[in-house]
Amino acid sequence: MAVKEIKKDIYWVGAIDWDRRLFDELIPLPEGTSYNSYLIKGQEKTALIDTVDPTKEDVLLDNLDDLGIEQLDYLVVNHAEQDHSGAIPIILELYPEAKVVTNEKCKKMLIEHLLIKEDRILTVHDSDTLSLEGKTLQFIFAPWVHWPETMLTYLEEDKILFSCDLFGAHLAESNLWVDNESKVYFAAKRYYAEIMMPFRSNIKKHLERLKKLEIKTIAPSHGQIYPRPEFILSAYREWTSDEVKNEVVIPYISMHDSVKEMVYILTEELMKNGITVQPFNLTRTDIGELAMALVDAATIVIASPTVLTGAHPQVVSAVYLANALRPKLRYASIIGSYGWGGKMLQDITAMINNLKVEILSPVIIKGYPKEEDYDSLIRLAGEIAEKHKNL
Ligand code: FEO
């Protein structure tokens, strides 16, 4: 996408990554992503807000060239992660007069990760402003969304919040502006689930602080720009709230159909109790889908066969992730099957120590489910339904 004017003297100069399908060698990107960089021209000074992934630095440079930017005074760095900071070195080389503007924590990270020279960096404090003449940038520190150094930049005259990763979505779209809120809702929720969810309490505090600003536009570092900020602000309030939904998530693996049958019975019984159930066959699901389901669910039931005395490695991987994402689950249980023994239950229980959950009666059976095992699963469904009455 070529340069786009957002408002007079404010431009999107980033890059769309249509083909990227994996982030951090971990996070699936089914719809690609974008690295949003913004150029602001004041009457006297010009500032670039964030750069792009190093693989796309040529696109950023072409965009600046198209705009005829021969002098750059400031390069505002909201976040040190390489998908936004990776093109800083080439920008500083091509614009030798430009100063990086960032906070102390980010400065240290830029020096460590990108070998930026300290004398190229101007350090700002929370709430500091920087005038470009006619355009004033205010810096709002927002640590832990998802790194410790992140800040947001607010353009006072135009009331635009450049929110960095916060409110972002991994979406490659030709339209710069959000034009399909329901599509963006799911992409932004996936992004929140995979990246922001462990920092829910910090984000709640940042949302409170943002209430004091008049925000007409939110321009994040990934995905489209929000012309109706309340759409994404209210979605974030919903996701970060303490409320959970009458939902059960069941990540599972089945090797010889025993666990599959257990999951089927439990799913049916939960549905009979009016509970929304999302079973995820971990051989097929993408972990972003699982993470999204964990944003709202009240209960997780982990279902695994026994492999070499422990849980199946794909279940271990999913449980590790679920534990690291710290969803606001209230209840958990473990179901599964074994051939001749093992400690799968103990292994999984030890892995979910981050989750502030009450553990409900596990159902661990030998071989294929029998009549008494069906009864145990029906009892577990009833126990979950009882607990969910008090949500
Ligand atoms: Fe989009 Fe934390 O980088």
Picking from Glu44, Glu57, which residue would you name as being touching a Gly at 6+ places or on another chain (Cβ under 9 Å) and farther than 25 Å from Ser174 by Cβ? Glu44
Looking at the stretch 309-316, can you tell me whether even one residue there is assigned to a loop (DSSP other than H, G, I, E, B) and modelled with pLDDT of 95 or more? yes
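Quick grid of which residues meet (1) outside the structural domain of Asn103 (by TED's automatic domain parsing); (2) within 14 Å of the ligand (Cβ to nearest atom); (3) surrounded by 22 or more Cβ atoms within 10 Å (Cβ to Cβ); (4) at pLDDT 95 or above:
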| position | (1), (2), (3), (4) |
| --- | --- |
| Phe23 | no, yes, no, no |
| Ile27 | no, yes, no, no |
| Gly42 | no, no, no, yes |
| Thr51 | no, yes, yes, yes |
| Asp66 | no, no, no, yes |
Would you say Met351 is in contact with a helix residue (DSSP H, G or I) (Cβ under 7 Å, 6 or more places away or on another chain), in the same structural domain as Gly367 (by TED's automatic domain parsing) and either over 17 Å from Val363 (Cα atoms) or of a type in the set (S, T, N, Q) (or both)? yes
Per the list (1) away from the ligand (no atom under 16 Å from the Cβ); (2) assigned to a helix (DSSP H, G or I); (3) surrounded by 14 or more Cβ atoms within 10 Å (Cβ to Cβ), residue check on Lys105 breaks on (1)
Across the stretch 75-93, the tally of residues that are buried (at least 22 other Cβ atoms within 10 Å of the Cβ) and either assigned to a helix (DSSP H, G or I) or free of Cβ contacts under 8 Å to residues at least 60 places away in the same chain (or both) stands at 7
What residue, among those in the stretch 122-173 that are of a type in the set (Gly, Ala, Ser) and surrounded by 21 or more Cβ atoms within 10 Å (Cβ to Cβ), is nearest to the ligand (Cβ to nearest atom)? Gly168
Within the stretch 275-287, residues touching a strand residue (DSSP E or B) at 6+ places or on another chain (Cβ under 6 Å) and at pLDDT below 95 come out as Asp286
Quick test for you: out of Glu230, Glu247, Glu238, Glu214, pick the one residue that is over 18 Å from the mean Cα position of the chain (by Cα), at pLDDT 95 or above and either among the hydrophobic types (A, V, I, L, M, F, W, C) or under 30 Å from Asn354 (Cα atoms) (or both). Glu247
Conditions first: (1) under 28 Å from the mean Cα position of the chain (by Cα); (2) at pLDDT 95 or above. Tyr368 passes all but one, so which condition is the exception? (1)
Return yes when Tyr185 is buried (at least 21 other Cβ atoms within 10 Å of the Cβ), among the aromatic types (Phe, Trp, Tyr), more than 21 Å from Asp158 (Cα to Cα) and modelled with pLDDT of 95 or more and no when it is not. no
Among the residues in the stretch 174-185, are any within 16 Å of the ligand (Cβ to nearest atom), under 23 Å from Leu26 (Cβ atoms) and under 18 Å from the mean Cα position of the chain (by Cα)? no
When you go through (1) in a loop (DSSP other than H, G, I, E, B); (2) under 29 Å from Val184 (Cα atoms) one by one for Pro96, which number turns out not to apply? (2)
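The values are calculated or read from the model by the stated rules, or taken from the named source; none is laboratory data. What you are looking at is a predicted structure, and each value in this text was computed from that prediction instead of being measured. Cβ: placed from backbone, ideal geometry, glycine included. Neighbour counts: every protein chain shown.
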